[in-house]
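Reviewing the structure listed below.
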Amino acid sequence: MNVYLLLNNPKARSPGIIKPSFLFSFLAVVHNNRKHAIKKFVLFTVILFAANCASAQQKSIKGKVLDTLSMEPIESVVIKDLQTGSKAVTGKSGNFMLKNAKGDSLLVTFIGYKSRQVKAIYGKPMLIELEKGVITLKDVTIVNNETLKTYSALTNLDLNMQPAKSAQDLLRLVPGLFIAQHQGGGKAEQIFLRGFDADHGTDVNLSVDGIPVNMVSHAHGQGYADLHFLIPETVSGYDFGKGPYYTDKGDFNTAGYVAYYTKNVLDHDEIEVEAGQFQTLRVLAMINLLSEKVKKKGQSAYIAAERLYSNGGPFALPEHFTRYNVFGKFITKIDSNNRLTAIISTLKSDWRASGEIPDRAVSEGYIANRFGSLDTAQGGHTDRTNVSLKLTTNLGNCWTMENQLYYSHYFFNLVSNFSFFYYFPTTGDEFRQYERRDLGGYNGKISKTTTVNNTTYTTTAGAGSRYDHVYPSELDHTENGQFLGYLQYGRTEELNVNGYFDEAVRSGNWLFNAGVRLDYFHFYYQNLAPDSDTYAISIFANANPNAQKAIISPKLNVEYTFNDKFQLYLKGGKGFHSNDARVVIGNKGFEILPAAYGTDLGFNWKPLPNLFINTALWYLYLQQEFTFGQDLIDQPAGPVTPSGRTSREGIDFSARYQLTQWLFASLNVNAARPRYIDSAKGNNYIPLAPTLTSTGGLDFRFKNGINGGISYRYLHNRAANSDYSLTARGYFITDLAINYTKKRYEIGISIQNLFNRQWDESQFEYITQLKGETAPVDQVSYTPGVPFFAKLKVAVFF
């Protein structure tokens, strides 16, 4: 009941009363009184549900905003009463409710669409259509939004100005998120965000249309998130959040989350061909399957497919990277209150990899140059097929409900060699990670938004489940890609059941959001390795193959919007990342669900009509850092040991400035101080954790169809090991894109690494022993970054 008391306490209306200590007190109280807090929260929600249903009568304007061409709803549109200045924002379904309306005219604005002034209609729902137009920062209006989409202005602008052409581009749209590819183009990227080396997804929750991307207990690493099944041209929007503050996001949401959404309707059919250096060729086709007449009845269907081939760079061992993607989406209205969305997609990918190269390999003549290979058997294959069915229901009386079922079939096979001849001097240290997986799950939520006595309440209750069955799950010792023996072999089953309550209360300039999430996990790992596998026998000997754990994650967020130019926000919450089932069982259930506690203090600001700034100070405490040594199994035959407690604090800064009608500037600077808590000073650096990153650029759009931009990526030097005796070298890379876009076609050129800088895309500390060496060496190994890389494209629209 604390949120209600705050709203009715005159002293609580002072912006200065909300302090970080209040957030930590709230989290501590909920954690220490979990059962009592849940009962209070549920009681409060039930009472509020009843109150909302009984007393939502007042003068207001309701309606829906649609895209003129596709007739699809538009989210985050701002509707402003020109007389009173009061504002409303459309939700995911395009609906809005403007309370306390008095004026005769409304101003409707959204980035990338022509602003409209429309006549206000009272007593019946309005239907407003917006037509796409020029992009202008004047259309950015700062409002408090019950969905807590703090960064919506950035996402809407960046996706319009920097269209993504690859999965890497999609990830780089998030300010402060850096990626690295280190085993050929088909492997999931390594992710860096907010002082985390999140490996391939341990601390960043990724999803596409509600389908989870992260893989639990993956053969290569916990949280492995391969986004390559997403065709970038099908993406209509994305949403991201930093920190563990969102009740609908569970496992791996510690550093943050990124959610992508695909288009419901194609603006046009398209065929595109892209060709470039290193034998790169990409072909894309996107085709509407239904007529315009049928689409007007509420149905849509399209299919998209791509084929990519590339050698990835001037490697002595060509990558022969091949990827096939097919994606289909069908939407139909079952009746006036129910809408069904069906999605099916499939990915198949093969590649070879040169792997990581120790610094000394070139200087001492083991290979001719940076693009050589010490083990030519490295490479992989993966495929993934996804199916999703989602039913969206309007229950009436301001209630909506969503129910989604999803299923994925997955296969992964990767051969790697990081230490060469350190553990097995005769046959070498090459190993294979292999798995087959079936996963399925359910996402559901019911929500209601209504207004009582000038206060808007948005109440949401959600539930979900996910089951992963992995068999076989293998780590094999190999030589030239051929099986020699098991290092680990077994069956994994993992179940996650979750539920959450979330209440957002908007009154005047204030927005309060409180929520709590409950997650239950059951882990099962059956060791199937033969008796000859002494490592597996020792680690899993006498271990109970089952483990279970539940965790409660409270959240509290506060926003105060002074006006449409300045907003202050304070966020606090608890999140977690689950541990790998093999680690859970092998370590007798130790640290199954390490928790993360964080807080953000930030603001959104428009000091000028054409300038938008977002800045946040943040802190995050983590009970257990995830480090996997030389890839999950620490040197592949060594023990798995959970790492210690860590803390991170930092500052995020983002600015977008429109210099002229056709020229835009962007800047992101992200600084962090990541440290181990229990280690001595000087030996407490977190290996590979980024400390300073920056991206920025200039984007241009002329009325004659010429558009593009020049951008940079900067990653500062950072510690490669815990005492900083080894350094992971930073880089500064510049990219260029120029297009000529007309109604029926587009011609373009893109150049990565415009100035042909030598750089290292990924770096790791490995103990390696090369063939012929008498002793191992502790040194940084690297994957060279791509040199000057130009591509041409031609697209036809019809």
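The values are calculated or read from the model by the stated rules, or taken from the named source; none is laboratory data. No experiment lies behind these values; they were computed from the predicted model shown. Here the Cβ positions follow ideal geometry from the backbone for every residue, glycine too, while neighbour counts run over all protein chains shown. To get the accessible areas, we keep the full protein, side chains included, count just its heavy atoms, and leave off ligands, DNA and RNA. Shrake-Rupley method; radii C 1.70, N 1.55, O 1.52, S 1.80 Å.
Counting helices only, and only those DSSP H runs with n ≥ 4, report the 222 nm mean residue ellipticity of the chain as the sum of -39,500 (n - 2.57) divided by its residues, in deg cm²/dmol to the nearest 500.
Calculated mean residue ellipticity at 222 nm is -2500 deg cm²/dmol.
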Quick one: how many Å² of ARG307 are accessible to a 1.4 Å probe, rounded to 10? 90
So, with +1 on the Cβ of K and R and -1 on the Cβ of D and E, and no other charges, what is the size of the charge dipole of the chain about its Cα centre, to the nearest 20 debye? 3940
Just to compare against my own numbers: the Cα pair-distance distribution for the range 329-377, 5 Å bins, whole % per bin, please. 4, 15, 15, 8, 6, 5, 5, 6, 6, 7, 7, 7, 5, 3, 1
I need the semi-axes of the equivalent ellipsoid of the range 484-541: take the C-alpha gyration tensor, multiply each eigenvalue by 5, square-root it, list largest first in whole angstrom. 49, 11, 8
In degrees, nearest 10, range 0 to 90: what is the angle between the Cα axis of helix 152-161 and the longest Cα principal axis of the chain? 70
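Using every Cα-Cα pair within the range 215-372, state what percent have a distance larger than 24 Å.
The share of Cα pairs beyond 24 Å in the range 215-372 comes to 56 percent.
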Find the all-direction average of the projected area of the Cα convex hull for the range 52-127, expressing the result in square nanometres with one decimal place. 5.2
Computed E for THR615/VAL294 - FRET, C-beta separation, R0 51 angstrom, nearest 0.05: 0.60
Taking the chain and dividing mean pair separation by its residue count, relative contact order in percent (alpha carbons under 8 Å, at least six apart): 10
How large is ³J(HN,Hα), in whole Hz, for each residue of the range 283-290 in order, when computed from phi with the Karplus curve 6.51 cos²θ - 1.76 cosθ + 1.60 and θ = phi - 60°, using x for Gly and Pro? 10, 10, 9, 9, 10, 6, 9, 10
Percent relative contact order of the range 164-301, based on C-alpha pairs within less than 8 angstrom and at least six residues apart? 18
Any idea how far apart LEU667 and LEU82 come out in nm if each label point goes 7 Å out from Cα toward Cβ? 3.6
Selected from LEU82, GLY195, SER473, residue furthest toward positive end of dipole (the chain; charges at beta carbon): LEU82
Starting from the amide H of LEU227, placed 1.01 Å from N in the peptide plane, find each other amide H under 5 Å away whose residue is 5 or more places distant or on another chain. GLU189
Round to the nearest 10 and report in Å² the accessible area of ASP438, as given by a 1.4 Å probe over the protein chains' heavy atoms. 60
Taking all protein chains in place and a 1.4 Å probe, what share, in percent, of the accessible surface of the range 88-165 do carbon and sulfur account for? 50
For LYS793, the lysines lying under 20 Å Cα to Cα, once residues fewer than eight places off in the same chain are dropped, come out as LYS165, LYS742, LYS743
Residues ILE271 and PHE755, FRET efficiency given R0 of 51 Å [Cβ-Cβ distance, rounded to 0.05]: 0.95
Ranked from the most accessible area to the least, with a 1.4 Å probe and all protein chains present, what is the order of LEU340, LEU792? LEU792, LEU340
Using the Karplus curve 6.51 cos²θ - 1.76 cosθ + 1.60 with θ = phi - 60°, what ³J(HN,Hα) values do you get for each residue of the range 486-500, in whole Hz, with x for Gly and Pro? 7, 9, 7, 7, x, 10, 10, 10, 9, 10, 10, 10, 9, x, 8
What does the accessible area of THR426 come to, in Å² to the nearest 10, when a probe of 1.4 Å is used? 120
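Could you tell me the relative contact order of the range 446-540? Use alpha-carbon pairs under 8 Å, at least six residues apart, and round to a whole percent.
After rounding, I find 27 percent.
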Taking alpha-carbon centroids only, the range 467-497 lies from the range 87-135 a number of Å equal to 54
Between the alpha carbon centres of the range 664-678 and the range 348-386 the gap in Å comes to 30
To the nearest Å², the heavy-atom accessible area per residue of the chain with 1.4 Å probe amounts to 39
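Quick check: at a probe of 1.4 Å, how many percent of the accessible area of the range 426-573 sits on carbon and sulfur atoms?
Carbon and sulfur together cover 50 percent of it.
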Largest first, how would MET215, MET97 line up by accessible area (1.4 Å probe)? MET97, MET215
Taking θ = phi - 60°, what integer Hz values does the Karplus form 6.51 cos²θ - 1.76 cosθ + 1.60 yield along the range 580-588, in sequence order, with x for Gly and Pro? 5, 4, 5, 5, 4, 6, x, 9, 6
Which residues qualify? For GLY485, with a placed amide H closer than 5 Å and at least 5 residues away or on another chain, they are HIS477
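Averaged over all directions, how much area does the convex hull of the C-alpha atoms of the chain cover when projected, in nm²?
32.2
How would you order 236-242, 281-287 from highest to lowest mean count of nearby Cβ atoms within 10 Å?
Details: 236-242: 20.6, 281-287: 17.3.
The peptides rank, most packed first, as 236-242, 281-287.
On the protein heavy atoms, probe 1.4 angstrom, tell me the percent of accessible surface of the range 684-798 carried by carbon and sulfur.
Answer for the range 684-798: carbon and sulfur cover 60 percent of the accessible area.
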Hey, with R₀ at 51 Å, roughly what FRET efficiency would ASN704 and SER93 work out to, going by the Cβ-Cβ distance, to 0.05? 0.90
